[in-house]
Amino acid sequence: MDYGNLPEQFRFSHNFVFFLHDQLVSTWKEGEKADIFSVQVVANAPIQEGLGGDELFKWMTENGHRDEIKEMYYKQLTSALLRDFLNFLYEALRCSAKGKLTVAYALLRKPLKENLLHLEWLLADPEDMLTVFEGEELKAKSISKMSEKRKLELITRAMENTSLGGWMQPKLMYDLRYNKQFAYGYEDLFQKANHLVTTFPGLETEAANFNFIFSTEEAWLTQWEGFYSYLPLVIMHTIDVVEAIVSSFAKRRDDVLDLTFVRTRIGFAHWVDLRSNGLGSTELMTEIRSMLNELDLDCPNCTEPVLSDNESLFKLYEQNSIVCSGCGWTFDVNSGVEAAAAD
């Protein structure tokens, strides 16, 4: 990977966020390929060939297909919001690697504050979201006009509807994205990246200065720290939300070995280890091994459990390869190719 100007201490965080980003890309691409974001309408009346847009929706409404319209909105919004989220996240990460931090923060603002909340809204309260989306009241669609209470309610309910539930506090997720006074949040950085002058109490631009454009090397390091400090958590939460939405109308294949969830937890444990100097990562690694034990992944060469040490776990995260710590047998999950232990 081309790290450009990115300092060494932020490179694993950068890689891990890209790993998470690629999971979401895979979900979107595979979904498009499988046509899961489309809706089949069984017409009970003749339909004019080539009908589309407002005319199609009018025809569907007049012919009793309101449920299909809502389903179409639900699926297409999921696809479009996710695709847009990923486009902005990708460019934000690339700008961060190049040291273009003002641009990186400016790009990160929309997906974290707007796209993600609309996805949370779809998961938490789909009827309300679709009603507002169809309506003509623009203020009702605007995230900036939504109250703190409503945002927090949607985040909370969305988390409750994911497979992992309350793995982190909803209030923390809210504060990270919207609270200008939260010391570790993004909102103050978003404001300064998007405005040369800020006047909000606590965010005031200093005398003889404009926000970010006179940054020193020390300031850049602080900005990089802020960029990566909680971004993996936000993107992991995004994955949970998207998976919960998609699982409401599609099912993943269960006939292939998919260790993405385990790899994510390994990457997360290593990220925690780097961020906390080892505090908390031991418990996470124990949880990961427990998950792997349930899969009964024994080496076909020596029958010992594979992935039994941290080195082999990290290789699974980095390369999606299963390695036996005892004899060296390997299995590439991507290709399905195995290799015997070296003599």
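The values are calculated or read from the model by the stated rules, or taken from the named source; none is laboratory data. None of the values given here were measured: they were computed from a predicted structure. So basically every Cβ, Gly included, is an ideal-geometry build from the backbone, and we count neighbours across all protein chains shown.
General observations
- Residues in the range 228-277 that are over 17 Å from residue 289 (Cβ atoms) and among the small types (Gly, Ala, Ser): 229, 244, 247, 248, 250, 276.
- The requirement of being within 15 Å of residue 24 (Cβ to Cβ), touching a Phe, Trp or Tyr at 6+ places or on another chain (Cβ under 7 Å) and at pLDDT 80 or above is not satisfied by residue 252.
- Every test in (1) free of Cβ contacts under 8 Å to residues at least 60 places away in the same chain; (2) over 24 Å from residue 105 (Cα atoms); (3) more than 17 Å from the chain's Cα centre (by Cα) is passed by residue 142 save one, and that test is (2).
- Those residues of the range 310-333 which are under 12 Å from residue 260 (Cα atoms) and touching a residue at least 24 places away in the same chain (Cβ under 8 Å), in sequence order: 316, 317, 320, 333
- Filtering the range 302-319 to residues that are in a loop (DSSP other than H, G, I, E, B) and buried (at least 16 other Cβ atoms within 10 Å of the Cβ) leaves 306, 307, 308.
- The residues on offer are 268, 200, 214, and the sole one that is free of Cβ contacts under 8 Å to residues at least 12 places away in the same chain and more than 30 Å from residue 76 (Cα to Cα) is 214.
- Exclusive hit being assigned to a helix (DSSP H, G or I), hydroxyl-bearing (Ser, Thr, Tyr), modelled with pLDDT of 95 or more and over 14 Å from residue 241 (Cα atoms), set 73, 90: 90
- Checked against the criterion of being assigned by TED's automatic domain parsing to the domain that holds residue 110, within 22 Å of the chain's Cα centre (by Cα) and more than 15 Å from residue 105 (Cα to Cα), the range 192-214 has no qualifying residue.
- Among the numbered conditions (1) in a helix (DSSP H, G or I); (2) at pLDDT below 90; (3) out of contact with any helix residue (DSSP H, G or I) (no Cβ under 7 Å at 6 or more places or on another chain); (4) not aromatic (Phe, Trp, Tyr), the only one that residue 222 does not meet is (2).
- Candidates 113, 70, 58, 75: the one that is surrounded by fewer than 17 Cβ atoms within 10 Å (Cβ to Cβ) and assigned by TED's automatic domain parsing to the domain that holds residue 175 is 58.
- Selected residue (criterion: surrounded by the most Cβ atoms within 10 Å (Cβ to Cβ)) from residues of the range 78-97 that are of a type in the set (Ser, Thr, Tyr) and under 16 Å from the mean Cα position of the chain (by Cα): 78
- From the options 163, 229, 247, residue that is surrounded by 15 or more Cβ atoms within 10 Å (Cβ to Cβ), under 18 Å from the mean Cα position of the chain (by Cα), small (Gly, Ala, Ser) and closer than 30 Å to residue 146 by Cβ: 229
- Qualifying residue in the range 25-33 (condition: assigned to a loop (DSSP other than H, G, I, E, B), surrounded by fewer than 17 Cβ atoms within 10 Å (Cβ to Cβ) and either at pLDDT below 95 or not assigned by TED's automatic domain parsing to the domain that holds residue 238 (or both)): no
- The residues in the range 109-132 that are touching a Leu at 6+ places or on another chain (Cβ under 7 Å) and either part of a helix (DSSP H, G or I) or of a type in the set (Lys, Arg) (or both) can be counted, and the count is 10.
- Some residue of the range 143-154 being among the hydroxyl-bearing types (Ser, Thr, Tyr), under 22 Å from residue 243 (Cα atoms) and not in a loop (DSSP other than H, G, I, E, B): no
- Selection count, the range 240-265, where residues are among the hydroxyl-bearing types (Ser, Thr, Tyr) and assigned to a loop (DSSP other than H, G, I, E, B): 2
- Residue 212 crowded, with 16+ Cβ neighbours inside 10 Å, modelled with pLDDT under 90 and not in a helix (DSSP H, G or I): yes
- Test: residue in the range 161-177 that is of a type outside the set (Ser, Thr, Tyr), under 25 Å from residue 204 (Cβ atoms) and in contact with a helix residue (DSSP H, G or I) (Cβ under 8 Å, 6 or more places away or on another chain): yes
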